[in-house]
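Structure record follows, encoded as structure tokens.
Since every read-out is calculated from the coordinates, none of them should be taken as a lab result. For clarity, every value in this text was computed on a predicted model and none was experimentally measured. Don't worry about glycine lacking a Cβ; one is built from the backbone with ideal geometry, like all the others, and counts go over all protein chains shown.
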Amino acid sequence: MPLLLLFFIGYSYAARNTVVEGIRYSSYESHTRVVIDLKGPVEFNQNRIHDPDRVFFDLKNTSLSRKIKKAFSVNDNAIKKVRVAQFKKDMVRVVFDLNKIKNFYAFILEKPSRLVIDVYPQKGNKPIKNQKQKKKTVIKGKSYEIKTVVIDPGHGGKDPGAVGPRGLREKDITLSVGKKLGKILKQKHGMKVLYTRKRDKFIPLNERTELANGNKADLFISVHVNASKQRSVRGIETYFLNWTNENQAMKVAARENGIPLWKMKKMKGGLQMILQDLARSNKKEESMRLAHSVQSSMVNTLKKKYRKIEDLGVKYALFYVLVGAEMPSILVEISFISNREEERLLSGDRYKTRIAEAIASGIGSYIMEKALVASPDMKHREVSFTESPVSVEGPAALLSNVKSSDGY
Ligand SMILES: [Zn+2]
């Protein structure tokens, strides 16, 4: 069998010091999927070598997270073992020791960035049974586990929030919807739920995210009700944190921040730190994805029951309450309290329950999307790399017998 050399450069993005954060795999009957989680875009080379049969992937301008496990056994019908090391100062190498395989495909997915490799075994391969392989390795990848959600019912105490034409107060609606949402997330999704407030109490904006950060929460959901001077304005919108010059979004943020609009417009100068942090981290992308998932769930669910539901979309603005959140965070404006019809709906229990259910299912699909690179119809075996390494194999081990067109 001739030496099969495969070589290609994946993608045109250039990245510097992209962190390789984790590796997980899922075994299917037809193939094995390995997912390499990355902190940003990456270019890679791949190569296959025989005797013993293996493939490796060199990830350019990358460094290996310290938490990562350097080697682990897969022992299914396609892959025996996966090894990873900081092969060069600016290059991480991932090696698969193979069973008899037909072929493999590697591709990049974004948001979050990951390199996905599907390895197809030859027919008739039998998985190697390894009695030593305990269930201990069957742990969900840590970065994909969403355990704790902080629900932040807007306003409270001396701050009533917006008040409707018939006197309905935003702070009461947000508390009611927040509690309903928490209950659903706990019961249906098995999540740990924390509230920034569970009663009619004033909580400063910064303390709300501090609670989330302090508890290492995985998501932050701030619930609000919108208001407009124009009584005819109605609809649902979801926000994530970013700077905007768009007047309408600024107005909403100014109101929720409790500052005048002119002040809001002057703020950008003092925001460089926040904006830089947002640009660096993937929180903005994650928050945006969460926002889209929740917004479309709210709109689609409610439209079935209420003809006049308006989709105002996903937007961004500078909301103080989201500043400094170390996790994906959104602010939902569930309806307009200033609109008579929506105020009437908000005053009843059923509408609020439906909104809470819709937000919860939006959160649910966000988590599903995040966790499932692979199709959900198969047994999932995911390896956590926060365990202490079973064996540490350095670059030398990875280099042995490796010859490629690159000379590595
Ligand atoms: Zn509000």
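FRET efficiency for the Asp90 to Asp159 pair, using the beta carbon distance and R₀ = 35 Å, is estimated at 0.10.
Look at His189, His155, His50 and count the other Cβ atoms within 10 Å of each Cβ; fewest to most, that gives His50, His189, His155.
Here's how it looks for Leu64: its modeled amide H is under 5 Å from those of Val20, which are all 5 or more places away or on a different chain.
Between Val116 and Lys67, the modelled label-to-label distance comes to 2.2 nm, taking each label 7 Å out from Cα in the direction of the beta carbon. Given Lys81/Lys284; Lys186/Lys284; Lys88/Lys123, which pairs have Cα atoms separated by over 31 Å? Table pairs above 31 Å Cα-Cα are Lys81/Lys284; Lys88/Lys123. Annotation: amide H of Phe319 within the under-5 Å range of Asn242, sequence separation 5 or more or interchain, hydrogens built in the peptide plane. Annotation: for a label point projected 7 angstrom from Cα along Cα→Cβ of Glu207, residues of the range 171-196 with backbone N closer than 14 Å are 195-196. One chain, two ends: Asp53 and Glu341. Fully extended at 0.36 nm per residue, the span grows by 96.9 nm beyond their Cα-Cα distance. Per-residue 3J(HN,Hα) values for the range 187-204, derived from phi via the Karplus relation 6.51 cos²θ - 1.76 cosθ + 1.60 with θ = phi - 60°, read 6, 8, 10, x, 8, 8, 10, 10, 10, 6, 8, 10, 9, 7, 9, 7, 10, x Hz in sequence order (x marks Gly and Pro). Taking other C-beta atoms within 10 angstrom as a stand-in for reagent exposure, Ile363, Ile184 fall in the order Ile184, Ile363, fewest first.
Ranked for footprinting exposure by Cβ neighbours inside 10 Å, fewest first, Phe56, Phe336 give Phe56, Phe336. With 30 Å as the limit on Cα-Cα distance, the pairs of Lys188/Lys251; Lys251/Lys352; Lys229/Lys265 that go past it are Lys188/Lys251. When the C-alpha to C-alpha distance is required to be over 29 Å, the pairs from Lys201/Lys304; Lys69/Lys89; Lys216/Lys263; Lys201/Lys370 that qualify are Lys201/Lys304; Lys216/Lys263; Lys201/Lys370. Annotation: amide H of Lys201 within the under-5 Å range of Gly157, sequence separation 5 or more or interchain, hydrogens built in the peptide plane.
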